[in-house]
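The structure appears below as structure tokens.
Readers should treat all values here as calculations from the given coordinates under stated rules, not as data from a laboratory. As the structure is a prediction and not an experimental result, all values here were calculated from the model. Heads up, the Cβs are rebuilt from the backbone with ideal geometry, glycines too, and the neighbour counts pull from every protein chain shown.
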Amino acid sequence: MSLLQTGKLQLNSTHATETTGGDISTFTQVAFPTPFPENTNVIVVPFVQTFNGPDTPGLRIADVTTTGFKIRFNELVGTGRALSDGPHTTETIGWIATTV
């Protein structure tokens, strides 16, 4: 039986685009409204719900656990360098989390 939770948050990025793998120091922590049962595998699917900034706000997810996940904007990056200015204005992010 799969369990499902949804949510939304306001997210912006004042930091440069992150291009170093594994560096999650600029990510925002999101807690699930209700923790999923221990020892379940959780996946998170985020969606940008608004169009407030001119650059394309890619999303990165990290450290998904039964209690939450980390998220940040990461504007377009190509060949190890940012293709946009990095910072991004506030957007509404919707997310769906489920067990598999």
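Applying 1/(1 + (r/R0)^6) with R0 = 22 Å to the Cβ-Cβ distance of residue 15 and residue 52, what FRET efficiency is obtained, to the nearest 0.05? Don't skip to the answer; put the middle values down first.
On the way: r = 18 Å, r/R0 = 0.80.
Here the calculated transfer efficiency is 0.80.
Given R0 = 22 Å, the distance between the Cβ atoms of residue 40 and residue 8 translates into a calculated FRET efficiency of 0.45.
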